[in-house]
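Written out below as structure tokens is the structure these notes cover.
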Amino acid sequence: MQVLRKVSLKTLGCRLNQYETDALVTSFHKAGYEIAGSEDQADVTVINTCTVTNQSDQKSRHTINHAAAKNKNGLVVVTGCMADNYKEKLEQQEQITYVVENDRKSQIVSLVDSHFAGEITHPDKLDRDRFGFDAVQKSFHTRTSIKIQDGCDNFCTFCIIPSVRGRAISRPVNDVLENVKSVLDNGFKEIVITGVNIGRYEHEGIHFEQLLEKILEVPGDFRVRISSLEPDGFGDDFHKLFAHPKLTPHLHLCLQSGSENILLKMRRMYSVQHFRETIERFRSAIPDFNFTTDIIVGFPGETEEDFKHTLDFAREARFSHIHTFRYSKRTGTRAERMPVQVPGPVMARRSEKIRLLSERSRMEYFESMHGKEQRVLIEKVDENGIASGYGENYIPVKFKTGNREKNRFEQVAIESMVAGEDTYLFATII
Amino acid sequence: MKTIEEVDQYVVKDIRDLNESTYVLRFNRGIMEFKPGQHVNIGINEKGEHREYSIYSGTHGDYVEVLIKEVDDGLVSRRLRKLKPGDQLSIRGPFGFFLADAKPASNERLLFVASGTGIAPFHSFMRTFPEADYRLIHGIRNIDEAYDKDHYKESRYFSCTSRGNRGDYNGRLTDYLLEAEEEKAEKVYLCGNSSMIYDAMDILRAQGYRHDQIFTEVYF
Ligand SMILES: Cc1cc2nc3c(=O)[nH]c(=O)nc-3n(C[C@H](O)[C@H](O)[C@H](O)COP(=O)(O)OP(=O)(O)OC[C@H]3O[C@@H](n4cnc5c(N)ncnc54)[C@H](O)[C@@H]3O)c2cc1C
Ligand code: SF4
């Protein structure tokens with residue numbers, strides 16, 4: 001019997017990376033490889049890295065070193081944003097077999113296949129295809145992402161992404177719709193619209209909102225989430241689309257700062273007032289609409305007063321979760337050259353304040369859902385018959401069920417909140 | 001026929017001094033397509049430092065111009081001035097969305113507010129759409145910063161000089177915005193340094209402009 005080659009895939013960073021890894025898992029599986037468990041030895045390890053902050057660089061480096069040490073005779077393939085940002089440095093490391101840039105990531109399986117067939121190809125010779133991934137078949141998740149665009153031309157002054165993910169490019173409408181249909185055929189019931197800056201989607205005159213409408217028209221019992229979105233990526237009527245039963249009432253809308261002054265220095269393309277009005281418009285149509293966000297603390301020149309504006313606005317906006325980043329200087333960005341960098345301890349204090357606020361508003365939001373109905377997509381049922389999954393508002397829900405089948409929808413009523421490390425809502429089936 | 005790589009080679013065509021510290025750098029356009037309001041990233045060589053510069057010229061010519069002010073201790077703005085016609089440039093872009101939705105419609109009055117070299121995108125717009133209905137308020141220190149003032153129709157260009165008394169208004173741009181009864185515009189575009197933009201935005205909002213009528217391009 002032929003022993004299958006084992007491949008292990010590790011992901012760091014954003015949802016887009018996660019999706020691309022899931023798609024590679026499918027491609028390796030189709031090509032006859034066995035997917036190794038996280039602690040197994042592997043013949044091939046692919047590390048899909050992130051470089052968005054210093055911390056992500058460190059984690060990526062650690063993952064590469066760990067994988068190389070564990071699989072001394074195996075192939076180590078490094079891809080992702082770090083591969084673009086530090087290509088030459090990584091290529092000099094002996095423990096790494098191949099360094100593959102983002103726009104050739106979808107071709108990694110053919111690179112590895114050729115390697116084992118004795119043909120050593122330089123990754124630079126692979127085709128560039130940012131949308132050449134297989135539709136996800138096997139995944140550890142019940143939801144899968146649909147990549148609609150890649151790259152970003154916004155050049156926010158703190159951000160390294162435009163340099164590593166390249167210029168904005170949108171996937172043709174038909175390819176997107178075909179991808180949606182094939183993941184639905186593969187059994188997924190929830191899709192997440194993903195990209196680097198999806199609000200800038202534009203293909204032959206079709207913009208983001210129009211594409212979304214087309215996706216919602218695809219027949220089937222499924223629902224659609226939108227991954228992170230920039231506040232300048234849609235028009236004043238966007239909230240109306242959420243009347244569609246397939247579109248879930250949650251947005252991760254990136255605020256970054258609640259100070260107008262800092263937003264200008266970040267070269268973000270909206271104002272706090274614009275953000276406020278957006279939230280108000282959504283909530284007047286759907287009062288329990290769930291907003292989550294990203295905030296950067298310690299951007300160069302951020303004063304106590306600027307930070308207070310951020311805290312005040314975050315409180316007012318009632319985000320159910322705030323992902324806080326401490327500003328991290330990235331080489332080649334404009335913010336790197338800005339005077340008055342904020343000291344580490346000040347950043348740490350500000351970040352802790354936001355974290356506490358995020359905790360509190362999460363509890364408040366969860367409490368406000370008491371008595372309301374949710375349609376939960378079941379991800380897991382434990383041995384006691386307790387099902388867990390997310391409601392349409394992107395809140396974690398558990399409830400008792402006699403049916404052990406997962407990846408199905410169940411309509412429930414929220415009864416109570418169970419606070420703890422992973423706070424969740426307890427519900428009953430209705 | 002030339003290859004894309006050859007067409008994509010950018011060389012300095014001309015450097016035109018406007019005052020002691022400011023100049024217009026012209027280079028061949030190659031195959032570049034751009035819209036008024038966009039910027040390019042310019043470096044002396046591919047691997048070296050690049051900086052953003054708004055395109056100054058209109059979209060019709062076979063060249064591209066940028067308006068650059070030398071910054072004290074600045075790396076790129078000073079080096080670029082030392083270049084000679086025929087020297088190579090590294091150009092990335094064009095990038096950006098500023099002025100993307102400003103169309104020269106007859107019923108749409110546009111208000112342009114610039115500080116210093118922040119006038120560049122408006123110059124490109126005016127060169128591209130000479131018939132547009134706009135009014136340009138330019139905040140500068142001295143009158144020698146009223147760059148290419150004679151390129152604009154007299155009724156459209158208005159300088160505010162914070163020093164000297166030769167401006168159309170002698171004082172800060174923001175004081176002018178506070179005091180003046182400028183005719184209401186459909187859209188307002190602000191370009192230049194962030195502190196001017198910050199103050200001007202406050203004033204414009206107080207005058208009743210909605211956030212979706214105000215657009216910004218921050219240089220530093
Ligand atoms: C979208 C965009 C468009 C731009 N368009 C133009 C343009 O059309 N014309 C133009 O001249 N500049 C423009 N700039 C600014 C330009 O990109 C550079 O920042 C500027 O030329 C200084 O670069 P430098 O390498 O000489 O200085 P650096 O070596 O980068 O900086 C030296 C010091 O000067 C400060 N500084 C940076 N920029 C300025 C400035 N403009 N004035 C005063 N101090 C500054 C820095 O904080 C730093 O401390 C634009 C910037 C952006 C983001
Ligand atoms: S929108 Fe700004 S923060 Fe987001 S990827 Fe683009 S440059 Fe980075």
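For B:GLU52, indicate whether it is open to solvent by 30 Å² or more (accessible area, probe 1.4 Å), more than 6 Å from ligand 1 (Cβ to nearest atom) and within 14 Å of chain A (Cβ to nearest Cβ).
no
I'd like to know if region B:201-213 contains one or more residues that are within 13 Å of chain A (Cβ to nearest Cβ) and open to solvent by less than 10 Å² (accessible area, probe 1.4 Å). Yes; the residues of region B:201-213 include at least one that is within 13 Å of chain A (Cβ to nearest Cβ) and open to solvent by less than 10 Å² (accessible area, probe 1.4 Å). Being surrounded by 16 or more Cβ atoms within 10 Å (Cβ to Cβ) and acidic (Asp, Glu) is a property that holds for A:GLU209. Filtering region A:273-295 to residues that are at pLDDT below 95 and farther than 15 Å from A:ASP237 by Cα leaves only A:GLN273.
Take the conditions (1) within 25 Å of the chain's Cα centre (by Cα); (2) exposed (fewer than 15 other Cβ atoms within 10 Å of the Cβ); (3) modelled with pLDDT of 95 or more; A:GLY332 misses just one of them, which is (3). Among strands (runs of 3 or more DSSP E) entirely within region A:57-175, having at least 1 residues that are among the small types (Gly, Ala, Ser) and at pLDDT 95 or above singles out A:75-80.
Condition check ((1) touching a Leu at 6+ places or on another chain (Cβ under 7 Å); (2) under 24 Å from B:MET196 (Cβ atoms); (3) within 16 Å of ligand 2 (Cβ to nearest atom); (4) open to solvent by 40 Å² or more (accessible area, probe 1.4 Å)) across all residues:
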| position | (1), (2), (3), (4) |
| --- | --- |
| B:ARG78 | no, yes, no, yes |
| B:LYS82 | no, no, no, yes |
| B:ALA100 | no, yes, yes, yes |
| B:LEU111 | no, yes, no, no |
| B:SER124 | no, yes, no, no |
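In region A:399-430, of all residues being in a loop (DSSP other than H, G, I, E, B) and of a type in the set (A, V, I, L, M), the one that is farthest from A:ASN186 (Cα to Cα) corresponds to A:ALA419. Inspection of region A:247-256 finds no residue satisfying the criterion of being open to solvent by less than 10 Å² (accessible area, probe 1.4 Å) and within 12 Å of chain B (Cβ to nearest Cβ). Please tell me if B:VAL188 is crowded, with 19+ Cβ neighbours inside 10 Å, within 14 Å of another protein chain (Cβ to nearest Cβ) and more than 21 Å from B:GLU52 (Cα to Cα). So B:VAL188 fits the description; yes. Only one of the numbered conditions (1) open to solvent by less than 10 Å² (accessible area, probe 1.4 Å); (2) assigned to a loop (DSSP other than H, G, I, E, B) is violated by B:TYR23, and that is (2). For region B:169-185, the count of residues that are part of a helix (DSSP H, G or I), surrounded by fewer than 16 Cβ atoms within 10 Å (Cβ to Cβ) and within 12 Å of another protein chain (Cβ to nearest Cβ) is zero. Being open to solvent by 20 Å² or more (accessible area, probe 1.4 Å) and farther than 24 Å from A:GLY187 by Cα holds for only one residue in A:PRO396, A:PRO345, and it is A:PRO345. Under the condition of being open to solvent by 40 Å² or more (accessible area, probe 1.4 Å) and within 15 Å of ligand 2 (Cβ to nearest atom), the residues counted in region A:136-176 number 5. Among the residues making up region A:224-238, those that are more than 13 Å from ligand 2 (Cβ to nearest atom), within 21 Å of A:TYR390 (Cβ to Cβ) and not basic (Lys, Arg) are A:VAL224, A:ILE226.
The values are calculated or read from the model by the stated rules, or taken from the named source; none is laboratory data. Computed from a prediction, not measured in an experiment: that's the story for all the values here. All Cβ positions, even for glycine, are placed from backbone atoms using ideal geometry, and neighbour counts span all protein chains on display. Keep in mind that these areas ignore ligands, DNA and RNA; they rest on the heavy atoms of the full protein, side chains included. Shrake-Rupley method; radii C 1.70, N 1.55, O 1.52, S 1.80 Å.
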